[in-house]
Each structure stands twice: as structure tokens, then as C-alpha cells.
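Report on the structure given below.
Just so it is clear, none of the values below were taken in a lab; they were calculated from the coordinates. Note that the coordinates shown come from a computational prediction; the quantities given were computed from them, not determined experimentally. With ideal geometry, Cβ positions are generated from the backbone for all residues, glycine too; neighbour counts draw on all protein chains shown.
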Amino acid sequence: MGLTRYLINGTMFDMPLTKKTVIGLRKALKKGLTLEKLTPLLVVISIVLAFLVGVLWEKVNYLSKGGGKTINQNDQVVGSDTAQPQNGKLTEDQAKKIPSVSEKDHFLGSKDAGVYLIAYSDLECPFCKQFHPTIQKISSEYKDKVAVIFRHFPLDQLHSKARKEAEAVECAFELGGESAFWKMTDKIFEVTPANNGLDHTLLPGMAKGIGLDQTAWKSCWDSGKYKDKVEEQYQGAISAGVSGTPTSFLINKKGEAWMIIGAQPYDNIKATIDEALKS
């Protein structure tokens, strides 16, 4: 039986020319043609998958920079203990770990309010920047029923500038009282692009812009005299179970407490405030 030479997919074969061989060759050729037909489709599928992965990656980057309006956004402390209190009403023991409200605190609203909203914040946190108008709205809507209290929780691992900005608003308070504290806080949140983006050479001008003596403010800020107060509030937050910003606590006259993690929308917080006021 003679041998016949065949070229299949670029490879040369010598085979006996039989009926079985011919059938086998036809199958092999058919299979080769099928793969050739599938190749363009596989290429298109690969391109589409690559595009979808790219879109997903861009979305993740966008949210990590503070974009969007999703619920429960916050910046987490690197290496923090995740076994902490969660959103919702706290136990009596957990509530006792929240540092008591005192004259050292900064109030937006009446000190005789039925509910205190204690907001732990970082002035370079994009989610705190997003959340700040919400706490302003709470103060405006509830008036004397709810007092907002601002406390410092600078995330040094993420925002190395935040601690000095916390000292900046404390110096504003020293020179201009409660009104100056809130005006300086509002201005920093307004101007900063967040994520450690604020140019600190702008701060003296901000102090002057809200009516403070710029030289006196700069002297206070350069002295670092409020670094201990900022650290005390930071450590108090850790003891209370705070692991990221913004984190807020609602406390009513009975001492009942609720934890609110992240940049929650106004309507979510309103429901919790109403619950706290009724208790």
C-alpha cells in the first residue's frame, strides 16, 4: 500500500491512503477549519472582557477617591481592630466607652439639646467632606433638639496633614470662639480637595478671611499647643470603637447611644435621630 504525503496545519504527514485515513483526514481538516472560524470570535470576547475589567477598575478608583453617593463610605484606620461595635444601637457597656460630653467640646446647636450627635472626623477625609453638609443640615432642621459635636480623629496613615489642620481649627476657636471654630472647619472642608490635598500655605489666609488676626493665629498654630487635645480625642475615639471616618454617635438624655458608620445620607440618620428623641 502506497504512502501519500499530506500537509495538515503546517505539519507534513506520510500516511497510507485508505478509506479510514481519508475519513480521519476529513475530520482533522474540519476541526482545523472550525478552530480558524472560532479564532476571531475568541479575539472579540477577549477585547470585551478587557474593556469590562477596565471599567470596573476605573469605578473602584473613583469610589476610593470619594466619588459617588453610596452608603456607609468611610476611611479605615490601617491595622485597626475590626471586632468593633457596628451600625445601630449600642449596648449599655459600649455606650459607656464613648467619652463624655464636656466643656472642651465644640457645639453646633444648644448644649441643652435632647440628643447629641458626636461626629468623629478627619479634615482630609473625602467622606467626611461629603458628610459635613449632612451634619449642617441636621443642625438646621432639628435646631435646639439636636446638637452636633465635632471631635478630631486624624488618620495619620492616610492623611498626614489632617492632624495639623485639626490644630488649625482649635487655634481659630482660641481666637474667635465657637463661631470661628465652625467657620474655619467649614472653610477647610470647602477648599480642600481631600486625601491630603490641601496646601497649608492657604491656612493663614483662611484664618484672616473669617475675621481672625492672621499673625496671632499663625503663632498659635506654629506652637503646636493643641496637639495634646487632638491626640486625646483620637485616643477617646479608639476606646469607643471608632476605626474610621466619619463615625458618629447619637446619645439621648437617657444615655442610650447609636453608632453611625460612614457618610450616611440624611434620611438614614433622621430615622435614628427620631428614634433617639422618642426613647
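Ordering of 245-255, 204-214 by packing is 245-255, 204-214, highest average first (other Cβ atoms within 10 Å, averaged per residue). With 26 Å as the cut-off, how large is the P(r) tail for the range 69-226, expressed as percent of Cα-Cα pairs? Cα-Cα pairs in the range 69-226 separated by more than 26 Å: 29 percent.
Less than 5 angstrom separates the built amide H of residue 244 from those of 77, all sequence-distant by 5 or more or on a different chain. Packing, taken as the mean count of other beta carbons within 10 Å per residue, orders the peptides 147-159, 265-277 from highest to lowest as 147-159, 265-277. In loop segments of the range 94-147 as defined by DSSP, the trypsin sites (Lys or Arg not before Pro) with at most 13 further C-beta atoms inside 10 Å of their C-beta are 104, 111.
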